[in-house]
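The values are calculated or read from the model by the stated rules, or taken from the named source; none is laboratory data. A quick note: this is a predicted structure, and the numbers were derived from the prediction, not measured. A quick note on method: Cβ atoms are made from the backbone with ideal geometry, for glycine too, and the neighbour counts reach across all protein chains shown. Ligands, DNA and RNA are stripped out before the accessible areas are found, and what is left, the full protein with its side chains, is counted by its heavy atoms. Shrake-Rupley method; radii C 1.70, N 1.55, O 1.52, S 1.80 Å.
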Amino acid sequence: MHPVVIVGSLINFFKNVFIKIKNKMSGLLVIIGVCCVSSVILFIIYYISSLNVILLFIVFSILLSSTYSVNMLLQTAVDVEDALRESIDKARQLVSYLVSRNTDELTESFIVSAAIESLTENITDSYVAPVFYYFVFALVILYCPVNNGLFYLLLIPMFYRIFNTLDAMLGYKSEELIDIGFFPAKIDDVLNYIPARISGIFVVISAYLLGLDGKNAYRIMMRDARKCPSPNSGYTMATTAGALNIQLVKKETYILGDDNKDITKDDISKAVKLSKLTMILFTITIILLFTLIYVIL
């Protein structure tokens with residue numbers, strides 16, 4: 001079973017336990033419960049695995065990779081583009097798995113917009129943020145060695161994934177979730193604050209390297225990034241809209257970018273290439289930074 005599925009099951013369990021508490025503390029209790037149980041499970045797996053070096057390497061790699069969702073992130077966007085070439089109803093169904101809005105009557109342009117929005121928003125959530133925190137705490141452990149350092153290197157990105165999943169499952173302002181989702185949503189906003197802005201800058205750099213409109217990407221990021229309800233999601237979505245010279249629209253919520261040209265299914269492929277290069281450049285930068293700091297220390 002995938003670790004994120006286990007986390008989701010724990011969130012559902014603690015949600016059902018604490019949702020009866022009709023105040024914002026219920027969300028904090030869910031967070032504590034999920035983090036404590038997850039930490040115990042992770043430590044048991046780590047302890048058993050540490051008895052054999054090869055097993056530890058395999059388990060460490062599997063658990064660490066579970067905190068990132070790169071392949072699924074990119075492939076889902078490609079699937080929507082392929083579906084649009086076959087049937088708009090199939091595309092509507094696929095995109096309904098990515099966004100919370102009603103997709104039953106979305107036109108092709110709105111389907112493309114939703115797919116690009118989901119793809120680019122998740123550059124931060126699914127890759128940049130967990131890598132960023134892994135890098136930060138790897139430096140801490142490198143500078144201040146601790147016992148079971150590998151366990152903490154697993155725990156940090158796993159905690160980020162937990163908070164991200166908590167926000168995805170509880171962070172809505174519906175009547176049922178408005179109290180219990182308050183703390184998960186706020187903590188996720190805080191954790192993504194720096195990574196989201198880093199992601200936006202790397203999207204701009206990638207746009208220049210791909211021959212897209214890098215100048216406009218930066219301009220639209222600075223102008224439209226804060227138009228989204230989330231304080232972070234607009235930094236990659238708006239920047240992508242600027243790079244592709246398109247407009248990303250969620251009805252009655254936000255409009256990102258200028259309506260310079262019609263948005264088409266081909267823009268999904270461009271957004272996928274832009275997202276790939278963004279993550280590659282960020283990875284290279286992190287490796288170079290870590291190597292440089294390691295040499296200096």
* Quick one: which of Thr278, Thr285 is within 23 Å of Gln75 (Cα to Cα), at pLDDT 95 or above and either assigned to a helix (DSSP H, G or I) or of a type outside the set (Val, Ile, Thr) (or both)? -> Thr278
* Asked: Could we say that Thr253 is in contact with a Pro (Cβ under 9 Å, 6 or more places away or on another chain) and either modelled with pLDDT of 95 or more or farther than 15 Å from Ile123 by Cβ (or both) here?
  -> yes
* Would you check which residues across the stretch 163-176 are without any contact (Cβ under 8 Å) to a residue 40 or more places away in the chain, over 16 Å from Pro229 (Cβ atoms) and part of a helix (DSSP H, G or I) and list them? => Asn164
* Asked: Taking the stretch 117-132 as the search range and keeping residues that are closer than 15 Å to Leu248 by Cβ and aliphatic (A, V, I, L, M), which one is surrounded by the most Cβ atoms within 10 Å (Cβ to Cβ)?
  -> Ile123
* Residues of the stretch 245-268 being touching a Lys or Arg at 6+ places or on another chain (Cβ under 8 Å) and either in a loop (DSSP other than H, G, I, E, B) or charged (D, E, K, R) (or both), which ones? -> Asn245, Ile246, Lys250, Lys251, Lys265
* So Gly242 clears everything in (1) out of contact with any Lys or Arg (no Cβ under 7 Å at 6 or more places or on another chain); (2) open to solvent by less than 50 Å² (accessible area, probe 1.4 Å) except one condition, right? Which one? -> (1)
* To do: Scan (1) in contact (Cβ under 8 Å) with a residue 60 or more places away in the chain; (2) part of a helix (DSSP H, G or I); (3) among the charged types (D, E, K, R) for the single condition Asp179 breaks and write down its number.
  => (2)
* To do: Take the stretch 181-193 and flag every residue that is crowded, with 16+ Cβ neighbours inside 10 Å and within 13 Å of the chain's Cα centre (by Cα).
  => Asp188, Asp189, Leu191, Asn192
* Structure fact -> Note on the stretch 206-229: residues open to solvent by 70 Å² or more (accessible area, probe 1.4 Å) and in a helix (DSSP H, G or I) are Tyr208, Leu209, Lys215, Tyr218, Arg219, Met222, Arg223, Arg226, Lys227
* To do: Test each condition in (1) farther than 23 Å from Phe137 by Cα; (2) within 15 Å of the chain's Cα centre (by Cα) for Lys173 and report the one that comes out false.
  => (2)
* Asked: Across the stretch 1-38, what is the number of residues that are open to solvent by 40 Å² or more (accessible area, probe 1.4 Å) and among the polar types (S, T, N, Q)?
  -> 4
* To do: Kindly provide the set of residues from the stretch 72-101 that are closer than 19 Å to Thr120 by Cα, without any contact (Cβ under 8 Å) to a residue 40 or more places away in the chain and among the acidic types (Asp, Glu), ordered by number.
  => Asp79, Asp82
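Rundown of residues vs (1) under 23 Å from Glu108 (Cα atoms); (2) open to solvent by 40 Å² or more (accessible area, probe 1.4 Å); (3) not β-branched (Val, Ile, Thr), yes/no style:
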position	(1), (2), (3)
Asp179	no, yes, yes
Gly200	no, no, yes
Asn232	no, no, yes
Thr236	yes, no, no
Ile284	no, yes, no
* Taking into account only those residues within the stretch 133-169 that are polar (S, T, N, Q) and touching a helix residue (DSSP H, G or I) at 6+ places or on another chain (Cβ under 8 Å), which is surrounded by the most Cβ atoms within 10 Å (Cβ to Cβ)? -> Asn164
